[in-house]
1. Can you list which of the GluC sites (Glu not before Pro) found in the stretch A:47-81 are DSSP loop residues with at most 11 other C-beta atoms within 10 Å?
2. What's the FRET efficiency of A:Ala36 with B:Ser72 using the Cβ-Cβ distance as r and R₀ = 45 Å, to the nearest 0.05?
3. Leaving out same-chain residues fewer than 8 places away, which lysines sit with a Cα under 27 Å from that of A:Lys52?
4. Under 19 Å from the Cα of A:Lys118, which aspartates and glutamates turn up, not counting those fewer than eight places away in the same chain?
5. In what sequence do A:Ser30, A:Ser25, B:Ser96 fall when counting other Cβ within 10 Å, fewest first?
6. Between rounded, prolate and oblate, where does the stretch A:27-80 land on the alpha carbon gyration tensor, with a ≥ b ≥ c its root eigenvalues, rounded for a/c under 1.5, else prolate if a/b exceeds b/c?
Amino acid sequence: MRTLLFLPLILACCLPAASLAKSWSELTPSQQQALAPLSGKWDALPEKRQQKLLHFAARYEKLSPEQKERMHQRLQHWSDLTPEQRHHAREKYRAFSKVPPEKRAQVRQMVREQQTGKAASGVPPAPPPGH
Amino acid sequence: MNEKLDSNAIRQMLNRSAARLDQPALARLREARELALARYDARQAAPAFAWADTGSHGFTGGLRTGYYYLASAILLAAFLFSLANLGQHALEHDESEVDIAILTDEMPIDVFVD
């Protein structure tokens with residue numbers, strides 16, 4: 001019988017946590033700073049999406065200034081993608097990560113040159129993906 | 001009373017005393033013996049749960065066995081559920097890490113987005 005007394009406790013540990021959705025005003029200042037591009041739409045985001053973005057916010061502090069800027073520029077665009085588009089992007093990124101480092105460096109260099117060439121020829125650079 | 005009693009002497013004394021017992025006392029002793037044997041049999045039938053015996057003598061052996069099968073099944077289900085949750089959490093964590101990498105990589109995001 002004693003075993004049975006522990007069952008509710010064990011089951012309670014297994015159950016998903018209660019609703020963890022937070023409104024924008026409930027976020028800490030550092031979370032708000034990290035997720036600033038999403039301030040206008042935060043409250044409308046599904047709880048699961050919010051949880052994932054809070055994970056981004058937790059990592060934000062450890063990013064370099066350049067990475068922080070990129071994340072801010074891209075966050076809105078990334079958030080507007082459909083789950084399928086995000087899934088495909090992850091797959092592509094994973095595949096790209098498996099390419100040998102020297103090949104990856106070549107691709108990065110090509111993309112960099114392409115962007116610099118566009119800027120030099122007067123073609124306005126592609127707008128930041130978030131806009 | 002000073003003489004040393006060996007096991008044979010004790011057995012004989014007990015047999016003599018038992019022969020002098022009245023019928024109601026004999027009946028009560030027989031009943032107690034049968035009850036003890038029945039409990040012993042029930043425990044033998046479910047040795048896997050011997051560790052969980054809490055001495056709740058109000059239950060019959062079968063009922064007790066059923067209870068522990070149920071408890072074990074629930075514990076197993078809870079364990080499997082936790083395992084699945086853990087796997088899902090690990091998957092989501094991995095996804096988040098890739099998302100952050102895409103968002104912060106020097107490669108433009110459009111390279112990865114269709």
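1. A:Glu61
2. With R0 = 45 Å, the Cβ-Cβ based efficiency is 0.30.
3. A:Lys22, A:Lys41, A:Lys62, A:Lys68, A:Lys92, A:Lys98
4. Qualifying aspartates and glutamates at Cα under 19 Å: B:Glu106, B:Asp110.
5. Listed from fewest to most nearby Cβ atoms, that is A:Ser25, A:Ser30, B:Ser96.
6. Working: a/c = 1.80, a/b = 1.40, b/c = 1.29.
It is prolate, given that a/c is not under 1.5 and a/b is the larger ratio.
Readers should treat all values here as calculations from the given coordinates under stated rules, not as data from a laboratory. Every value quoted in this text rests on a predicted model; they were computed, and no experiment measured them. All Cβ positions, even for glycine, are placed from backbone atoms using ideal geometry, and neighbour counts span all protein chains on display.
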